[in-house]
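Here the structure comes first, spelled out in C-alpha cells, and everything after it is commentary.
The values are calculated or read from the model by the stated rules, or taken from the named source; none is laboratory data. As the structure is a computational prediction, the values presented were derived from the model and not from experiment. Here the Cβ positions follow ideal geometry from the backbone for every residue, glycine too, while neighbour counts run over all protein chains shown.
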Amino acid sequence: MSEYRLRTEAHLNPHLFDVGIVEEPIRKGYGEGLLLAGKENEHVVALCADLKESTKTDLFAKEYPQRFIEMGIGEQNMAAVASGMAAMGKIPFMTSYAMFNPGRNWEQIRTTICYNDQNVKIIGSHAGVSVGPDGGTHQALEDIALMRVLPRMTVIVPADAIEARKATRAAAQHKGAVYIRLAREKSPVISTDDTPFTIGSASLLWGGGAANVALFACGGLVYQALRAARTLADMNISSTVVNVSTIKPLDKKTILDAVKDARAVVTVEEHQIHGGLGGAIAELLANFHPMRMEMVAVKDQFGQSGEPKELIHEYGLDEEGIVQATQNLLSRLC
Amino acid sequence: MAHLHDEKVRFLSEKANAIRGSIIEALLEAGSGHTAGPLGMADIFSYLFFHALKHDPKNPFWSERDRLVLSNGHIAPVLYAAMAHAGYFPIEELKTLRKFKSRLQGHPHREWLPGLETSSGPLGSGLSQAVGMALADRIDNGRTSRRYFYALMSDGEQECGEVWEAAQLAAREELHNLIAIIDRNYIQIDGYTEDVMPLDPLKEKWEAFNWHVIEVSGHDFADIDAAVEQAKAVFGKPTLIIAYTVPGKGVPEFEGKYEWHGKPPSREEAVRALAELRSLGGKIKSEHE
C-alpha cells in the first residue's frame, strides 16, 4: 500500500481501502459530539424541528431533557428562538434537515444570528443526493452556498462520523455562528480518533509535493476522492487529496501549497456546481494562483429517488466520475 | 385598579410628549423614516422606560435587567428617543438618526448601540427571540423567575407565519414572564390592515393559541399599567396586550393616516407638529394642576 502515499500524519483508517470498511452515518457523529459538548458545557442547549431521532439529537435529549427544546415543524421560529437563547448566554445547536435549516430559515439566520452576532450552531442533516429514496425535495444541494455567503458564518462539512463528532465539539467551543452539514446515509469511516481536526484547517490526506492534479473534496465524497487518487496512481497520474472540511474560512495556506506544483485542480462535493466548495476554491485561486479546474458536483439540476450509491453514480460524484473528470481536464491541458 | 397616581401619569405624559418632539426632530434631520408608528407608540415607550422596565441606562449590560425586544424595528425612532430621554445616550445624538456611521441605524443594530437587545427590521422574528430569552431564563432560574421579557410587535406583522410558530411554543412552555404587546393601529404600508390582510378577530386568535389576552387603549397609562400588572400576575400562560393606538398620535395632521407609515415630515410639517406638541405639553401641565 505504501506506493499509494496515504499521509501518515493524517492517521487515517488503516483499512481505508478494504472492501468491508466500517460505515457509519455522519449524523451519528454529530449526535455523539453533541452529547459530549453537553457534558463539557452546561450552557449547551439543543433545539430540533420534529426530527430528533433522525438527526441523532435524541442522544442529547435523553441525557439532558431540561436543555432540549422540541420546536415542532417551525424552522424559522427555531432560528430566532436560538438567537434569543444565545443572547442569554446559551450555546444553542439547532437541528433539522438541511433543506429546511438553513433552506427555509435563511433570513432568520442572517438577521437574528449573523447580523446580530449570536453564538448559534446550525446543523443541517440529510444534505446531498445520498438522502436517497425520499427524492429531490429532501436532497439539499444549495446549503453550502446559502451559508457560505453570510458574513460571520463558519461552514463545516465533516468527511465522516468521527470528524463530525470532533467538529461538533469544536463548534461548541468556537464563539460565533457555525453551520455543520451532515448526511443521512452510512459513509465509510476514513479517519480515526487520532486524525487532527481544527476549525479552519484543511488536511492533506494523500500525496504531497509535485503532482499532476490537486483534488479538493468535502463530506462523504472525500472517501471517493481517495479511491480516485489510488486509481489515478495506477494510471500514472499523481495527485494530492485535501479534505476541506472547513469551507469557510478556507485554509488558504494548505490549499495554495497543494496547488503550487500541480497542473490542475479538481473539486469534489455533493452540492450544486455553483456556490459550493468548487466556487470557494475557484475564488481563492482566481486571486492567488489561477489555474484550470474541473468541478465534480451536481450540474445545476435537482436530485431524484434512488439508492444513494445509484444517485452518487448517476450524478458523476463517485470514484469513476472523479477519475473521468480528472482525465478530461488533463487531456484539455495537453 | 389603577396603580398609577396622578403625579406619575402626568410625568409619563410629559415624557411621552418629549419623546414625540424628539421623534419629529430626528425624522426631520434624517429626511427618511417612519412617522406614524413611533408617534403612536410614544405613550407605551414612555410607560416602559419610565415605569415598568427594570433597567439601568448607565449600565445597559446589567445582567438582572428586564429585556425589551422590539420586533418591528421600523419604529426605531421611538425606541431611540425613549432611550435618549431615559439617559442611555445624549438627546442631541438623536439628530444623527439614519446618518452615515451613526449608532442610530435606520433599523436597530444591537452591536452599534448599547441597550438594544436585538437587531430588527425584518418582521416576524422578535417574538421568537423574546421566547428564546424567556426559555433560557426558565432553564437557569425556573418558573419563579421575576425577570420579564417584553416583545413589541406591530399589527401588520401578525401576517407573518413565524409569529404564530412562536405563539405556539410560548404557550406550550407556559412562559408567564413573557409579555407581548401589539401596536394595534390598523395601518401598514399598503393601506389599512383590514384591507391588506384582515387580522380581526385578533383577540380570539391569540386566545385560541392559549395566550392570556388583554385589550387596552395604548394612550391610557392607567389602562396600560393595569394590563402589565395583570400580565405579571398570570401564572402558566404568556400574556398578549393588544394596545389600540392612533397612528401619528399627538399631531392631528398625521393621526390615523396610513400614508404616514413610512415617510418623514417636511420642514413645514415638522414646525406645525412641534407647535402642536408644545400646546399639548401645556395642556398636560394645566390638566394636572
> Do the conditions hold for B:Leu39, that is, is it crowded, with 20+ Cβ neighbours inside 10 Å and of a type in the set (A, V, I, L, M)?
Replying inline: yes
> Does B:Gly126 fit the bill of being within 14 Å of chain A (Cβ to nearest Cβ), within 30 Å of B:Glu174 (Cα to Cα) and buried (at least 24 other Cβ atoms within 10 Å of the Cβ)?
Replying inline: yes
> Take the residues of the range A:231-268 that are within 22 Å of the chain's Cα centre (by Cα) and of a type in the set (Lys, Arg): which is nearest to A:Pro151 (Cα to Cα)?
Replying inline: A:Lys248
>> I'm trying to understand the selection: among the residues of the range B:134-183, which are within 12 Å of chain A (Cβ to nearest Cβ) and within 18 Å of the chain's Cα centre (by Cα)?
In response: B:Phe149, B:Ala151, B:Val163, B:Leu178
>> Only one of A:Ala258, A:Ala297 is touching a residue at least 24 places away in the same chain (Cβ under 8 Å) and under 16 Å from A:Leu232 (Cβ atoms). Can you tell me which?
In response: A:Ala258
> If you go through the range A:70-88 one residue at a time, how many are under 29 Å from B:Pro60 (Cα atoms) and facing chain B (nearest Cβ under 7 Å)?
Replying inline: 10
> Within the range A:148-161, which residues are assigned to a helix (DSSP H, G or I) and crowded, with 24+ Cβ neighbours inside 10 Å?
Replying inline: A:Ala161
> Given (1) within 14 Å of chain A (Cβ to nearest Cβ); (2) surrounded by fewer than 19 Cβ atoms within 10 Å (Cβ to Cβ), where does B:His74 come up short, assuming only one miss?
Replying inline: (2)
> Within the range A:117-138, how many residues are of a type in the set (S, T, N, Q), more than 19 Å from A:Met78 (Cα to Cα) and buried (at least 22 other Cβ atoms within 10 Å of the Cβ)?
Replying inline: 1
> Before we move on, is A:Ile122 in contact with a strand residue (DSSP E or B) (Cβ under 7 Å, 6 or more places away or on another chain), at pLDDT 95 or above, away from chain B (no Cβ under 14 Å) and closer than 30 Å to B:Gly115 by Cβ?
Replying inline: yes
